[in-house]
Amino acid sequence: MTSLRCWPTVGVVAVVAAASFVAGGLTSAGADPLTDSPPNSSTSSTPAPANPTDSDLAAVPAAVACTDLSGQDFTDVEGAPARVDSVTIVAGDPSVPQEFCDIKAHAANVHFELKLPTHTWTQRFVMVACGGYCGVQSYSAVNASDAGCPRLQSGELAVATTDLGHTANAFAADGLWGLNNPTAIIDFGYLGMHKTTLAAKAIMGVFYDQPATYNYIMGCSNGGRVALMEAQRYPTDYDGVLAASPTIDDSVENTFAHAWNVRANENPDGTAILTADKIPALHAAVLDACAYRDGGIGTVVTDPRGC
């Protein structure tokens, strides 16, 4: 499990889900998830090195043209019949480290996007699980965490993200998409990510003519929750899980916790008491009153209980 060599924090990491390997039995067939041994190495006709290193994972070029994927039939993917909606070659430039094939596709009502390097893929796949209520295809977790991680910065990883089966503003307090829509709730809860995983792996298999050697899922908040659901319900989908700040109690989180924040900040007429323009002054006042206690230097409140 050290083949990626770096997993920086995403936001405030409450759980790095090593425990999910135990709770969810996370293994790939024939592989020990806590070693570098690739999946199925014990049954491979060509023995793998006992402890393969990064250099053992050679860069694999695309086996077909990016545009060829639009004509491929993925409707036979078991559990996730899929269709490619569009393909675009994105050339390398300072903001995009390597040329990649940008694929937009869907499996039933679940839409997802894949970014597949055309020449530099080092046999690793990273699924970026969405935060909030999802509803968008976002790589924000990767963008927030790639500082200091050569694997993410180099453009050598196959990366995917998904909307989990509905369209919405991910961070708006609006769950209308789930009202009287049990299919959308199930996709959001766990099945949408599994569908995306199956379909994305099928597309990658055609593009590179081989599966990924290592598969990872990462996410924060709801993305962390989805990552844990993958580990528990579909333990063979991924070799590694990074579940940051997982929202593991949706009933409390999306009712009492969030609702209290909204209601406590309302005037009798429904307008907000604290607005964005007032936050800097409040922040400065709290630091001035509390951040010098216990030897503090004015930048951090070390014990909010005493503030």
TODO: Just give me the residues in region 249-307 being among the hydroxyl-bearing types (Ser, Thr, Tyr), surrounded by fewer than 10 Cβ atoms within 10 Å (Cβ to Cβ) and at pLDDT 85 or above, in sequence order.
DONE: THR271, THR275, THR299
Task: Hey, GLY189 assigned by TED's automatic domain parsing to the domain that holds GLU113 and over 16 Å from the mean Cα position of the chain (by Cα) or not - done: no
TODO: Any chance you could count how many residues in region 184-216 are touching a helix residue (DSSP H, G or I) at 6+ places or on another chain (Cβ under 9 Å) and closer than 26 Å to THR247 by Cβ?
DONE: 14
Open item on the list: Which residue is surrounded by the most Cβ atoms within 10 Å (Cβ to Cβ), if the candidates are limited to region 199-220 and must be closer than 15 Å to ALA80 by Cβ and of a type in the set (A, V, I, L, M)?
Closed with: ALA200
Task: Close pairs from region 59-78: first in a loop (DSSP other than H, G, I, E, B), partner among the β-branched types (Val, Ile, Thr), Cβ under 6 Å, at least 6 apart - done: ALA59/THR120; ALA59/THR122; ALA62/THR118; GLN72/VAL206
Task: Complete set of residues in region 79-91 that are loosely packed, with under 15 Cβ neighbours inside 10 Å and in contact (Cβ under 8 Å) with a residue 40 or more places away in the chain - done: GLY79
- [ ] Tell me, yes or no, whether region 180-197 has at least one residue that is modelled with pLDDT under 90, out of contact with any Asp or Glu (no Cβ under 9 Å at 6 or more places or on another chain) and small (Gly, Ala, Ser).
- [x] no
Open item on the list: Considering only region 94-103, I want to know if a residue exists there that is modelled with pLDDT under 90 and either in a strand (DSSP E or B) or crowded, with 22+ Cβ neighbours inside 10 Å (or both).
Closed with: yes
Open item on the list: Criterion first (among the β-branched types (Val, Ile, Thr) and more than 35 Å from the chain's Cα centre (by Cα)) does ILE297 satisfy it?
Closed with: yes
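The values are calculated or read from the model by the stated rules, or taken from the named source; none is laboratory data. Note that the coordinates shown come from a computational prediction; the quantities given were computed from them, not determined experimentally. We place every Cβ from the backbone using ideal geometry, glycine too, and count neighbours over all the protein chains shown.
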